[in-house]
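The values are calculated or read from the model by the stated rules, or taken from the named source; none is laboratory data. Since the model is a prediction, treat every value here as computed from it, not as a measurement. Virtual Cβ from ideal backbone geometry, glycine too; neighbours counted across all protein chains shown.
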Amino acid sequence: MRKSSLSKAQRNFQVFNRNDHVNQYENLQESAVEDRSGSLDGNDDFIAFDDSSSEEESVKEEQEAKSVEKTGEKVLPTVNTDYPWILNHDHSKQREIADWLTLEIRDFVAYISPSKQEIELRNKTIRTLRQAIGKLWPGADLQVFGSYATDLYLPGSDIDCVVNSKTGDKESRSSLYELAHFLKSRKLATQVEVIAKARVPIIKFVEPNSQIHVDVSFERTNGLEAAKLIRSWLQQTPGLRELVLIVKQFLHARRLNNVHTGGLGGFSIICLVYAFLNLHPRIVTGEIDARYNLGVLLIDFFELYGKNFGYDDVAVVVADQRPCYIRKSDWLDLRLSSGGGTFNLAIQDPGDSSNNISRSSFNLRDIKKAFAGGFDLLTNRCFELDAATFKDRVGKSILGNVIKYRGKLRDFNDDRDLVANSAIIENEKYHKRRSRIVHDQDDVFIDPSESDGETLKEEQDSYLIQEPEQPPKKRRQTKSVDEFMGVPNEDEEDDYNPLNREASESTTLKNATVDAQTKRDYWLNKGNSMSN
């Protein structure tokens, strides 16, 4: 392979190529998995671009670039129907292939992000449907969840809605047909389909003015809770939105994103990417910033879930905002509900620990093969363009080797800051209303939002609610990549027993003032106990 300008690409692509950072992904797959060629223990499956200190080829490449500019040999901007996001966005001069791929990912995300007109059209659609349902059923409200309520939707994606009423009786078969007939008679819906016998009864239709597909479910709040949780993940996790949209489009182009046909749903994709980013050793240790390494991370994602993940034995847990991988044998509810076979994807619902949100993704073998193929296609393309001359690079795409987008031409304007997403606004209002609900038994508030904290504080004072101080949470020192990846080390003894705390560690729940020396002694004792 030509020793080109990629003087640092080896470090970028060999994510776990550190002796003191030995990757232990193989611990996640103890039983037979179809493809075992991707073992990371020896780092023999990662790309290793040649590292060169030679300046001759760098000078030659610069001369090629200058000659193109002088002779006027410019490639006219033409729209490529397969990857139109590269129009007027040429990154072929990037010295590092990884940076080229990162910039192209950003271009793609900007290309498919919603325009002002699209946001306004969706807002108008929801507003019209909400008003109509309010007339049919006074006291009922239409809320939006899913990708539209999290700004993670692709162009043309449907809108997921739920109707919740004060009486809580709108999930009946008669109510479904009543709403379907009402919307159709008011010319608010076409191609109406009532799915009343499903586990979650829904109405599917197309809103005629916007031609947007809409799915309406009834009397459920878990989707609304999940939307708020996902938005908090997006704020806390750099690179999450970009990678989620890339993976969504990747699966959409292969028709592997439809849960009804065994594909991977949007929530499952988000959980996989969220766990991947939060457990990536180089991100956890602060060695890389996800925002500037999207290309490398996309390749790592495809390799992990396409070649190295132990689907037979490992489940993904994102509960309590602390992602980890656990053994399926330790998930009691999964053992009780699982049928024949162990090769399946298990993702624990962050809102219900007994629920596997990916249980309907029965087409896992094709999904796994697609991810593995994505890894191979990307890495091969990186090698190919690394060996190409400057002239041959112009107009080429790395991401286009795995992502295809065929649709109406779009601009690169992300107008989410110009027009408010009404779905997000209404979802926040919904949670603010719920946060003001006081439990009759416990007399405590439910998850007050930060923006409404002062108002809620006054309301709490009016109820004379006294909340005891919570003792600091005990943290265990992280010592190995196993712990970073959430894999328990069975050889280590955990002598921590919350039921038998030492007297020195007990904390009284009083509103008392603690001086600085007491705090130092407290944390010193904590450190000593953890080091024993």
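Here are the numbers:
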item	result
Matching residues, segment 172-200, being within 25 Å of Arg359 (Cβ to Cβ) and touching a Ser or Thr at 6+ places or on another chain (Cβ under 8 Å)	Val200
Sole exception among (1) assigned to a helix (DSSP H, G or I); (2) closer than 25 Å to Ile97 by Cβ; (3) of a type outside the set (Lys, Arg) for Glu287, by number	(1)
Residues of segment 110-131 classified as hydrophobic (A, V, I, L, M, F, W, C), surrounded by 18 or more Cβ atoms within 10 Å (Cβ to Cβ) and closer than 23 Å to Lys248 by Cβ, total	3
Hits in segment 195-212 - residues which are over 21 Å from Arg173 (Cα atoms) and loosely packed, with under 15 Cβ neighbours inside 10 Å	Pro208, Asn209, Gln211
Residue among Ala110, Ala98 that is over 25 Å from Ala423 (Cα atoms), in contact (Cβ under 8 Å) with a residue 12 or more places away in the chain and outside any loop (DSSP other than H, G, I, E, B)	Ala98
Condition met for Ala319 (closer than 30 Å to Asn88 by Cβ and exposed (fewer than 15 other Cβ atoms within 10 Å of the Cβ))	no
Complete set of residues in segment 330-385 that are surrounded by 15 or more Cβ atoms within 10 Å (Cβ to Cβ), part of a helix (DSSP H, G or I) and modelled with pLDDT under 85	Leu334
Selection count where residues are touching a strand residue (DSSP E or B) at 6+ places or on another chain (Cβ under 9 Å) and within 30 Å of Phe250 (Cα to Cα), scope segment 154-178	7
Residues located in segment 386-416, provided they are assigned to a loop (DSSP other than H, G, I, E, B), hydrophobic (A, V, I, L, M, F, W, C) and in contact (Cβ under 8 Å) with a residue 40 or more places away in the chain	Val394, Ile398, Val402, Ile403, Leu409, Phe412
Residue match in segment 81-91 (condition: modelled with pLDDT under 75, over 21 Å from Gly239 (Cα atoms) and either among the basic types (Lys, Arg) or in contact with a Ser or Thr (Cβ under 9 Å, 6 or more places away or on another chain) (or both))	yes
